[in-house]
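Before any comments, here is the structure.
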Amino acid sequence: MNRESGILMPIFSLASKFGIGCFSKEATEFIDFLYKSGQGYWQVLPFGPTGFGNSPYQPFSAFAGNPYFISLETLIEDKLLTWDDVNGVDFGSNQEQVDYGKLYENRETVLRKAYERFVALEKTNSGKAGEKSHDDNAKDEALKEKPFMSFSDYKKLHSYWLEDYALYKVIKKLQEGKSWLEWPNDLKKRDKKALDKVKKEQKDEIEFICFTQYEFDKQWAKIKAYAKEKNVKIIGDLPFYVAMDSADSWSHPEVFLMDKDLVPTAVAGCPPDAFSPTGQLWGNPIYDWAALKKNDYSWWVQRIERNYEWYDTIRIDHFHGFAEYYAVPYEDETAENGEQKKGPGMDLFKALEKKLGKLDMIAEDLGTTTEENVKLLKDSGFPGMKVLQYGFTSWDSIYVNHRHEKNSVVYTGTHDNTPTFAWVQEINDGERDFTRRYINSMNTDYGAFVWDIIREAYRSVADLCIIPIQDYLCKGREARINTPGTSEGNWQWRLTPNYLSDDLARSIRLLAETYSRIPPEV
């Protein structure tokens, strides 16, 4: 990495007209803001379609995109929707919070209207396919913006995951939302005759789901291309585990530890400690690393390759899991009887590099460090993470500046932390005093104090510095993205429209210039 900086801003937190941040003009405006601010990176959270709890770390698929991110304004520009189709729809009334209930009720209905017009246009265009003149073809070649692939080509290119995902979604709806573990045996075990029957009877519904993925990728490709023009790179999160109720575990049970009846033999968790006497029971399916190794980790190769279609750099969540992981017997109600197991280690990353070339990754290596995971981070060469909030709340922490390494990424906080403005008020007097002394800040105004902490992050020797947008704006607890261990009130915060000013961009750019973090021109 070059010495640069960036901003953490989830897609859903962007301002937009229709209830949730998406791939609308606000996304390109945010890229403009990054460019003016001298920032080289935009970090986003995972793109997967979310279910109960709305967590992007528990998606229905490791390959599909979240249809909530499809811009309705872009569909209007493409003549697939009209303003009348969307103006009267209730997507939620609070500009600063996503109302997932309203989105669940109404967003799909609007997307179906777009799909119906798309089908009609496809039929019309196919009838005119042979009527194009030589001049029209020449004009097409001269178009500056290269068109996205056709829907037909998209389905062929992505057939390795798209067909199973669409089928999973359709069956889940027919089964009234039940987990695939509770489906009738023929559907659960993917009996060909049973699946063919669903494909035949639900052909249009399957095509609709494929259409939403097509539009997701088509729109994001345009946003990402714009970011490249502005010399902004995208960092995207990759959850270590997949959800138990997901298209991945249903369509590829061979990837996970399951018996012949497709009952998981173990699930993910965390061992007991001082904070949790019975441990943490996460419930994700555990990878069958031995079986994956025999197949040259092909499922992981496809997963990483798919994520590189979206992102320039991948931040791997729970990196320690590749060194060692905790497996809990499936039917246990606590994590007390789990066992620590050895992960694939460098063998996986060597297989990935062999297939995909050099990997541009960031390792989320927060939490308890062991000899095994420290060695894996060193052997991989990936930069780890340093979070200043953790550094100032424990004595001689590995997260304070004087213990940073060049090959690392420094944050004030992450999506799992309280915004720093609230954090400086909530820590105890001793921790606040230590923070002031360490960064040499005598500011009694908490907003100025937050900017001093941001300056400390910029000052770090770490190659990359990422600051959550809430910290620049001195937002409080109301802007927290996620509180680990809770299931309500997360993944909702949104930026108020027109909140990012040129003055703020200049202030951020001055930091980037002062600490030599302006990205090199390409």
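The values are calculated or read from the model by the stated rules, or taken from the named source; none is laboratory data. For clarity, every value in this text was computed on a predicted model and none was experimentally measured. Cβ: placed from backbone, ideal geometry, glycine included. Neighbour counts: every protein chain shown. Each accessible area value is taken on the protein alone, full model and side chains, heavy atoms only, with ligands, DNA and RNA left out. Shrake-Rupley method; radii C 1.70, N 1.55, O 1.52, S 1.80 Å.
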- Report yes if Gln39 is polar (S, T, N, Q), touching a Ser or Thr at 6+ places or on another chain (Cβ under 9 Å) and assigned to a loop (DSSP other than H, G, I, E, B), otherwise no. yes
- Output the number of the condition that Glu371 fails; it satisfies all remaining conditions of (1) modelled with pLDDT of 95 or more; (2) open to solvent by 20 Å² or more (accessible area, probe 1.4 Å); (3) under 21 Å from Asn407 (Cβ atoms). (1)
- Query: Given region 177-246, what helices (runs of 4 or more DSSP H) lie entirely inside it while holding 1 or more residues that are of a type in the set (Asp, Glu) and closer than 30 Å to Trp42 by Cα?
  - Reply: 203-229
- Residue count, region 378-407 (criterion: in a helix (DSSP H, G or I) and charged (D, E, K, R)): 3
- Message: For region 477-522, which positions are of a type outside the set (Val, Ile, Thr) and in contact with a helix residue (DSSP H, G or I) (Cβ under 6 Å, 6 or more places away or on another chain)?
- Response: Arg477, Ala479, Trp493, Arg494, Leu495, Leu500, Ala505, Leu511, Tyr515
- Message: Condition (residue is among the aliphatic types (A, V, I, L, M) and in contact with a Cys (Cβ under 9 Å, 6 or more places away or on another chain)) applied to region 331-341: is it met by at least one residue?
- Response: yes
- Message: Take the residues in region 143-176 that are among the acidic types (Asp, Glu) and either part of a loop (DSSP other than H, G, I, E, B) or in contact with a Leu (Cβ under 7 Å, 6 or more places away or on another chain) (or both); name whichever of them is modelled with the lowest pLDDT.
- Response: Glu145
- Item | Options Asp261, Asp296; residue that is farther than 29 Å from Val170 by Cβ and assigned to a loop (DSSP other than H, G, I, E, B) | Asp296
- Query: Which residue pairs have Cβ atoms closer than 6 Å, lie 6 or more positions apart in sequence or on different chains, and pair a first residue in region 471-488 that is within 24 Å of Gln58 (Cβ to Cβ) with a second residue that is among the small types (Gly, Ala, Ser)?
  - Reply: Arg477/Ala422; Ser487/Gly53
- Message: Please determine whether any residue of region 48-61 is hydrophobic (A, V, I, L, M, F, W, C), at pLDDT 95 or above and either open to solvent by less than 10 Å² (accessible area, probe 1.4 Å) or over 30 Å from Asn284 (Cβ atoms) (or both).
- Response: no
- Query: So is Gln43 under 30 Å from Tyr168 (Cα atoms), open to solvent by 60 Å² or more (accessible area, probe 1.4 Å) and touching a strand residue (DSSP E or B) at 6+ places or on another chain (Cβ under 8 Å) or not?
  - Reply: no
- Task: Name the single residue, out of those in region 1-26 being of a type in the set (D, E, K, R) and over 19 Å from the mean Cα position of the chain (by Cα), that is most open to solvent (accessible area, probe 1.4 Å).
- Result: Lys17
- Subset of region 79-114 that is without any contact (Cβ under 8 Å) to a residue 40 or more places away in the chain and in contact with a Lys or Arg (Cβ under 7 Å, 6 or more places away or on another chain) - its residue that is surrounded by the fewest Cβ atoms within 10 Å (Cβ to Cβ): Asp90
- Message: Against the conditions (1) surrounded by fewer than 17 Cβ atoms within 10 Å (Cβ to Cβ); (2) within 21 Å of Gly391 (Cβ to Cβ), where does Asp503 fall short? Just the number, please.
- Response: (2)
- Message: Going residue by residue through region 472-492, is there one that turns out to be surrounded by 22 or more Cβ atoms within 10 Å (Cβ to Cβ) and of a type in the set (A, V, I, L, M, F, W, C)?
- Response: yes
